[in-house]
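Following: one structure in structure tokens, then a few remarks.
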Amino acid sequence: MKGVTILGATGTIGINTLDVIARHRDKFHVVALTAHSQVDRMAAHCLEHKPRFAVMVEATAAERLRQILKTSCPEVEVLSGEQGLLDVVTHTQTDYVMAAIVGAAGLTPTLAAARAGKRILLANKEALVMSGRVFMNAVRQSGAELLPIDSEHNAIFQCLPVNYATHDPSLGFKRIVLTGSGGPFRTLALDKLASVTPEQAIAHPNWNMGKKISVDSATMMNKGLEIIEACWLFDVTPASIEVVIHPQSIIHSMVEYIDGSILAQLGQPDMRTPIAYALAWPQRMTSGVAELNLCDVAKLEFSKPDLTRYPCLRLAQESAQVGGTTPTILNAANEVAVQAFLDRRISFTTIFKTVEYVLAKITTTVADNLAVILQADQQARWQANEYILGCSKKVGAS
Ligand code: NAD
Ligand code: MG
């Protein structure tokens, strides 16, 4: 029986994780569920899954949850604040941590799980993008197990040889082929991109995901963040990763070998497959995902990404090459810009302009400790907010 703590339990990954766990109550029990402020969904989760702890980061939300659970589910202890997150990830009953907080807010608790030597099911790619070296060092030093949840990285993990970390040339590894759907604007006329709405941007053609990652998929910043994520997870260089557009989202990624073989992992676009894989690894278990009928799919298409349509992908590819704090800056500027777009303060195409501006403004340094990383993150957020403020002043003046 493994004890699971879910960071970001009210999000799409959190909900899918609980769905998989509910199918395997003989193997897993829920130690803790955490969320930012969505009290109603958290209360429903607590009634169904009876965790030992529920953490609401926002104090007023925690108090409301306490009131709701006082009579209906008194055995759940409600904690609050960042400290609550740290307490549950490092708790002795927690064996596995699903890291599914969105954005930079996930870094501190996910890093704490790494330092505590837990099995980390990593969905929160932003944590790794921000702090790759520090995070991977923590994993190595504590002996934590790091299993990718991002469907592409989970696919790559499945297609690589078990001992790939040795980098033994006789394994014949050549390169990674990272697939991406191209998002909802793959075929939209380029001159229409500036006027797309948040509703259109979050309507992903194949996947049902949170708003931030849906916008990142529309700009393909998501694929760029995934290049950086893959470099750290699999200890490869950006040059050995090729991005390919695959609109059907059936092949989740591939690994090419020197003998001409390409191994691919195929499946429905349903996150319960990678979640079940990472929970059960090195075994497999059922996930509730519908069977894939290849005759129904009939056609798998591939094309090169057009960097004029997806300039954020280019910025991320360049940032991966530069390294240091550049990916941290890229990630922070993107988070601020995506939120501004969702709040209708800037246009879709201004997301790229904001990130490009911030990257040009801040000098990269070596990212070998958390203080440097958090400082770069704060600096980039400040610059991005300044840029966005400037944009809205210009709009107001015209
Ligand atoms: P979501 O927006 O649906 O959920 C986010 C969760 O994080 C919520 O539970 C929310 O309460 C919590 N949260 C938000 N801000 C917080 C804060 N400041 N402190 C503590 N908790 C906070 O997001 P999602 O789609 O489930 O994605 C979660 C992560 O998984 C992201 O990093 C995303 O890139 C990654 N991911 C998601 C998918 C997917 O299919 N949804 C696929 C691959 C990777
Ligand atoms: Mg992905």
Could you please tell me which pairs satisfy a Cβ distance under 9 Å, a separation of 6+ or placement on different chains, a first residue in the stretch 326-342 that is among the aromatic types (Phe, Trp, Tyr), and a second residue that is modelled with pLDDT of 95 or more? PHE341/PRO198; PHE341/ALA201; PHE341/VAL215; PHE341/SER347; PHE341/PHE348; PHE341/THR350; PHE341/ILE351
Tell me, which residue of the stretch 181-237 that is within 14 Å of ligand 1 (Cβ to nearest atom) and acidic (Asp, Glu) is farthest from ALA320 (Cα to Cα)? ASP216
Across (1) part of a loop (DSSP other than H, G, I, E, B); (2) open to solvent by less than 40 Å² (accessible area, probe 1.4 Å); (3) at positive phi, ASP270 clears everything bar (3)
Tell me, which strands (runs of 3 or more DSSP E) lie completely within the stretch 118-215 with 3 or more residues that are open to solvent by 10 Å² or more (accessible area, probe 1.4 Å), touching a residue at least 24 places away in the same chain (Cβ under 8 Å) and away from ligand 2 (no atom under 16 Å from the Cβ)? 173-180
Mind checking which residues of the stretch 273-295 are buried (at least 19 other Cβ atoms within 10 Å of the Cβ) and not in a loop (DSSP other than H, G, I, E, B)? THR273, PRO274, ILE275, ALA276, TYR277, ALA278, LEU279
Just to be sure I understand, how many residues within the stretch 37-68 are assigned to a helix (DSSP H, G or I), in contact (Cβ under 8 Å) with a residue 24 or more places away in the chain, buried (at least 16 other Cβ atoms within 10 Å of the Cβ) and within 16 Å of ligand 1 (Cβ to nearest atom)? 9
Qualifying residues in the stretch 233-242 (those that are open to solvent by 10 Å² or more (accessible area, probe 1.4 Å) and within 15 Å of ligand 2 (Cβ to nearest atom)) - the one nearest to the chain's Cα centre (by Cα): LEU233
Is there a residue being open to solvent by 60 Å² or more (accessible area, probe 1.4 Å), touching a residue at least 60 places away in the same chain (Cβ under 8 Å) and more than 16 Å from ligand 1 (Cβ to nearest atom) anywhere in the stretch 69-89? no
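The values are calculated or read from the model by the stated rules, or taken from the named source; none is laboratory data. Keep in mind it's a predicted model, so treat the numbers as computed, not measured. Positions of Cβ are backbone-derived with ideal geometry, glycine not excepted, and every protein chain shown enters the neighbour counts. Remember, those area values only see protein heavy atoms, side chains included, never the ligands or the DNA or RNA. Shrake-Rupley method; radii C 1.70, N 1.55, O 1.52, S 1.80 Å.
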